Every structure is written in structure tokens, then in C-alpha cells.
Amino acid sequence: MEYKRLDPISKRAMYLENVISAVILSVIIATAIIFSAEYIGDLSYFPLMEYAAIAMIALIVLYHSIEPIVFYNRYRYIITDDCIDVRRGVIIIRRTVVPIERVHQVEVTRGPILNAFGLAEVQVTTAGGVAKIQYQKLDEAEEVAERLNALINRMVRVMRNDE
Amino acid sequence: MNEHSEAMNERFRNSATVVVKNVATTAAILLSMTIWFFIEQPQVAIGVIVVIALLTAAFCWRWYRTLIELTDEGMIIERNTVFKLKRTIPYIKIASINADRSVIDRIFGTVSLKVNINTSTNVLAPEAVLTLKKEFAETIRETLSLRIFDREVTEPGDDEGITFSNTELVLHGLFSMSSYQTLFAIAVLVYAVIVSLFAEGGLAGVLLALFIVLTIHMVPAIMTMIRFHGFKVSRIGDTIHIKHGAVQNYKTSFEISRINAVRIRRTFFARLLKSAYIEAEVVGISAAKNDQRPLICILCKMSSVRNVMETIVPEFIYVPYETKKQPPASKWPMLLNAAVVLAAILPALGYLSLNIDHIVYDTEWIAWAQTAIPTVMVIITAGVLAGIYYSIKLRGFDIGDHMFTFSNGILDRETSIISYGKVQIAETGAGIMARRLGLAKCNISLLSTLGTKKIGSGYFTEEDLKRIPDRMLELLEYELSCKILTQNDPKQKEAHSDARV
């Protein structure tokens, strides 16, 4: 069994999400600078503050433009009979392992952006938190959820018979 | 056994003490909110009395219409008032039954049995509270234990178990809390002494300082001493019994298998005394009052801690309490992270210091700020570098066949011994520098007494950390294949169930 990758359409959804997020962050920084000018007084005493704000906005825009490509290229997941294994990350690469036996609930969720691209997210809830398989095509997400439910049911049957 | 059969067959009510408790709590809240208006507006007092009387009638009605039944499958609580309720708690889901005795319980000779189930959504509050006459409560507790554990839970005798001296109790109260809290209290106390010795007319400052010390250190310390007075822990078979409390008696018992992790904690002051205390992550115990996890051992000497570990939780012993420290290369990713944080903070503070005269106009304040800000910059840098140095020296990790250990903390240190079988999610992560050096960090999600708990490691080799999820899956797979094997072979199933008993 091999690790699965994301569908290329997921990049578009990520870009749209990042555009919205970058605009919100830039507006917050710009507003903070404008308001601090009112409280501090003449901002000309602090020209670097304006440059710092511009640099921060530039960094945000740069990160948000690169992030979808790197995230897409690095994202891998695999569902075996025993566990869900997800590898993801941009700067910090994380590997999350969730044993199937620990899964309490499987949920397929879609926000407006994912919905617009026919994508969904599979949320796996355990007693110790939530793990996600992100940016799945809707039919694939439902297949993943179905497979997980089948594995959980098999596990529950084994446990119940044991009791 | 006859008593148990009777308890199983009949429906019963809580003791009427439950009404007294409800009325007392409600009256206390109402009076504390309205008592200030009684002199100027006596009609408020009349209104409060009427409200309390109405609520008393409602509590009586609710008590009378609430019935409890123990069936073959579970405990059923049925309430037939305006709000109908039928709650079934299957025995299989019950994790523990605690017996608490508040002051009101003692006056009326009752016991509150708190029934807890094993779930993350209900870790802080019990699923059901039964207030019953002492003898009847004992019968019900035994009946429930028989149903839950398939056997009667034998209560430890008065001379059984490990007890602790009053000196240990006092030291636990004073030094089990965060060392930062204790150090702050000491600093305030020193300030109070200096002011009282050298400053004229500084009485107000001294009184304020003493009040702060009292509030942040002495009151919590005394509360802890009262809570853990008469602490006693014992183990009979696979069941651990804990008993403590001066004003409110607290008594609980749980199976060893319910412990998700054991944590040995050593605060700075505890280390000076060569002492430690042990906490347990037990889900379904609802003992998490004031953000405290159940203790297996209060602050005592390390030799006593070892004795408690060997007697009460030997399953969690696999290393001689020492863990492998972070490799020297781990300093590089930490230094890189620190450099990023400092590169953001230090120039901002330096810039502020240089231009402080555009914000503050008082020359005295300008001079003070121009000294204080660079001092803060030096303290932050020194703090970060000291943090890295001690992190390499102190953060540890060790991996065993059935357990693994994380050691964390610089001033207050803790060693968490975690069972693979209790890990819910394992996550390893590595940044740019860590990846180049083959290092990573690991986060473990557990179900804890206070909800979900994440325990993190320092930087260790990716290979070593990878063994945690691998071993966790190996054990789960083995357990599952054993189950399938025993189900397919009736003889093995019989042998397996005998082994489990």
C-alpha cells in the first residue's frame, strides 16, 4: 500500500483560502499602524514602524503564495488496517499516527471554499483530540470515511465478542 | 449477598440530605448577592425568603420524584418532574465510584457516591451523584463494584496501606505548588521585610505585601494541607484505594488499568529537599478539583517515592528513573528558533529604547526607560540561552517495551511514564534545521483527568521517536490478533478469559 497524494484542484482551494487570510492579516496590521499613529502622535518619529509593517505584509504575501505549492507537494496520507498516517507541513514537517482502535467518530466536513471546489475534509475524533485528512475530493472523502467506519466496526465487533 | 440482591431488585431514592445540600448552596449564593440590600430595603429579604421557600419546595418535589434502580445491565436514574429524565449508565462504562463526605453529609450521616464513566466529555463532573445513608451507600457501592469489576472490592483495613507524616503533609502544602509562585511569594516577603526595616511609614506597603503572600501562597498551601490531610494509599489486587481530607473526606478506588500515565513531579523546592510527589492520569475519576490530578503519593523523600512506585504502581517501573538526554546537536534547532524570536523582539525593543523620548516626555521616566529596556533585552537573551542550556541538560526520553518516558521542565521538573496502550494520537515534527540533523520532536495526546492532555518531548533522533508510534501499533496489532485467535478457538478463549481473571 502506498501513500496517497492530494488532487491538484486542492491547490486552488488553498490559494483562495490564503488570499482571504493574507487580506485579513494585512488589514489588521494596517489598522494597528493607523491606530498607533493616533495614540503615539506623529509617526514620522518612527519611520521604521511603517517599514516594519510593510515588510510584515510582504512576508505574509510571500508565505501565502508559496505555502500551497509546498503543502501540496509534501502532503501524504495512508490508511492501513491498523492506523491513519498523515504527513504534512511547510516549514515544520509533521507525521501524525492515529490507531484505528482509538477512533470514536469520523466526520466529513465542507466549508464554503472547499464546497466551491468539490472538496471536503475527513475529521477523525479520538478521546485525545482530532486528526484531519484535508483537501479530499468529495467522493474520495466519503470513500475514506466509509473505509474508516468499516475498519472501526470490525474492530468493535472483535472487542465485543471478546467481552 | 442478600443485601446486594435487595439493592438490585428495588428502586430507591436519594437521602433527603440532598435537599438540604441544594437549599444550603442556593441560599448561600442568593444571600451573598443580596445581603447588602437588606438594611436599606427590607423587602429584598422577604423576597429572598420567598424564593428560597419556593426553591425548597421544588427541590423536595425533585427529590421525591427521582428514583434509582440497579438492573442487570446498568444503573437507571429516572426523574418524573416537569423535566422528564431517564438516564441509563451501563456498568461496563463505569470507571470508578468515589465516596465523598462533606460537612452536611457528616451531620446527617450520609455519603455521596460519585459514579464516573470513562469519557473525555465528562472528565470533570461525575455522571451521577447518589446521596445515601452511610450503611446503604456501602451496600450500593459493593453491589456496583460487583457488577463493574465482576467481584467485590475489598476495602483496605485501617492498618493497611501507605500513610504519610504530618511533616510531609506540611511540606507538600508549602512546596508542591509551582516554584514560580513560591519564588514570587518569597520576593514579596523580602520586599515587606526591607520596607518594614528601612522605610519610614511604609506600613501600608508591608500590609499589602503580606496580604499578597497570604493570598498567593499561604492560603493555597493551607487548603492543600486540609485537602490531603490523612493521605493514605493502598493496593488490593488490581484496585488502588486512595483516602484523604480533613473537612471533606475523599475516598476513591480504581483499577490499575485505568491509569493512563504516572507523573513524578519535583518542584525546585522539592528538589532542594530531595523529595517528589506522584500524580496519576486516571480518566473517569472526577477528582480534578482546582486543576489537580489525583495523587498517588504526596511530597516525600525519593526513597519513599520509590517505595510507593514499587508497592502501588509497579507496572509503571521499567527504568531506574533516569532518561537519555537530548543530543548535543539539539542546540542548533533550538538556537535557530531562539534567533528567530530574538530577531523579532530585540530590534523592536532597541528601537523603542532609542526613540522613547517621543512617547514619554518626563526626563526621569526617559532615563528610567533607557536603563530598563536594555536590561530587559539582556535578561530575555540570557533567559533564552539559559533555557536552551538547561533544556539540553535536563529534557529526557526513554523507550521501553510497554512504557515510554518523557522528562520535562527546568525549574519544576516532571517525569511522565506513559503506557503505549493509552496513547490516542502520536505526532512527530521537525523544522528545517532539525531535519538536516536527523532530529525531531514528538507530541503525545492522552485522555487525562482534566480532559485531553498533550505531552511533548525535546529534540531526539527521528529514528528513536519513530519507535513510539511503531511500538504502539505493534502492541495494538498483537492485542487484536490475540483477540481474534481466542474467538476462533473456544479452548483458547476459555484459557484467555481465565488468564484475564
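In segment B:421-443 there is no residue matching the filter, namely being of a type outside the set (Lys, Arg) and closer than 18 Å to residue B:265 by Cα. On inspection, residue B:34 fails the criterion of being of a type in the set (Ser, Thr, Tyr) and either within 18 Å of residue B:10 (Cα to Cα) or part of a strand (DSSP E or B) (or both). Taken across segment B:390-397, residues that are more than 14 Å from every other protein chain (Cβ to nearest Cβ), β-branched (Val, Ile, Thr) and crowded, with 22+ Cβ neighbours inside 10 Å do not occur at all.
Among the candidates A:153, A:115, the residue that is under 30 Å from residue B:283 (Cα atoms) and of a type in the set (S, T, N, Q) is uniquely A:153.
Please find, among B:435, B:413, the residue that is at pLDDT 90 or above, surrounded by fewer than 23 Cβ atoms within 10 Å (Cβ to Cβ) and facing chain A (nearest Cβ under 9 Å).
B:435
For the residues A:158, A:98, the requirement of being at pLDDT 90 or above and facing chain B (nearest Cβ under 10 Å) singles out A:98.
Filtering segment A:125-145 to residues that are surrounded by fewer than 19 Cβ atoms within 10 Å (Cβ to Cβ), over 20 Å from residue A:74 (Cβ atoms) and within 14 Å of chain B (Cβ to nearest Cβ) leaves A:125, A:130.
The single condition among (1) out of contact with any Asp or Glu (no Cβ under 7 Å at 6 or more places or on another chain); (2) farther than 22 Å from residue B:277 by Cα; (3) touching a residue at least 40 places away in the same chain (Cβ under 8 Å) that residue B:429 does not meet is (3). Scan segment A:64-87 residue by residue and report those that are closer than 23 Å to residue B:431 by Cβ and facing chain B (nearest Cβ under 10 Å). The answer is A:85, A:86, A:87.
Just one of the listed residues (B:23, B:19, B:44) is in contact with a Ser or Thr (Cβ under 6 Å, 6 or more places away or on another chain), of a type in the set (Val, Ile, Thr) and surrounded by 16 or more Cβ atoms within 10 Å (Cβ to Cβ), and it is B:23. Give segment B:294-352 a look and list any residue that's touching a Gly at 6+ places or on another chain (Cβ under 8 Å), over 26 Å from residue B:264 (Cβ atoms) and surrounded by fewer than 16 Cβ atoms within 10 Å (Cβ to Cβ), or say none. Once the filter is applied, which keeps residues that are touching a Gly at 6+ places or on another chain (Cβ under 8 Å), over 26 Å from residue B:264 (Cβ atoms) and surrounded by fewer than 16 Cβ atoms within 10 Å (Cβ to Cβ), segment B:294-352 yields B:336, B:337.
Pairing residues of segment B:460-481 that are under 21 Å from residue B:407 (Cβ atoms) with residues that are part of a helix (DSSP H, G or I), at Cβ distances under 6 Å and at least 6 apart in sequence or on separate chains, gives B:471/B:420; B:472/B:420.
Take residue A:55 and tell me if it is surrounded by fewer than 20 Cβ atoms within 10 Å (Cβ to Cβ), within 14 Å of another protein chain (Cβ to nearest Cβ) and among the small types (Gly, Ala, Ser).
Here the answer is yes, as residue A:55 does meet what is asked.
Meeting the requirement of 1 or more residues that are more than 16 Å from residue A:4 (Cα to Cα) and under 15 Å from the mean Cα position of the chain (by Cα), the strands (runs of 3 or more DSSP E) wholly within segment A:74-163 are A:93-99, A:103-109, A:119-126, A:129-137. A single entry from B:429, B:458, B:421 fulfils the requirement of being of a type in the set (Gly, Ala, Ser) and modelled with pLDDT under 85: B:421. Residues in segment B:77-100 that are away from chain A (no Cβ under 14 Å) and of a type in the set (D, E, K, R): B:78, B:79, B:84, B:86, B:87, B:100.
The values are calculated or read from the model by the stated rules, or taken from the named source; none is laboratory data. All of these numbers come straight from a predicted model, not from anything done at the bench. Every residue, glycine as well, gets a Cβ built from its backbone with ideal geometry; the counts of neighbours run over all protein chains shown.
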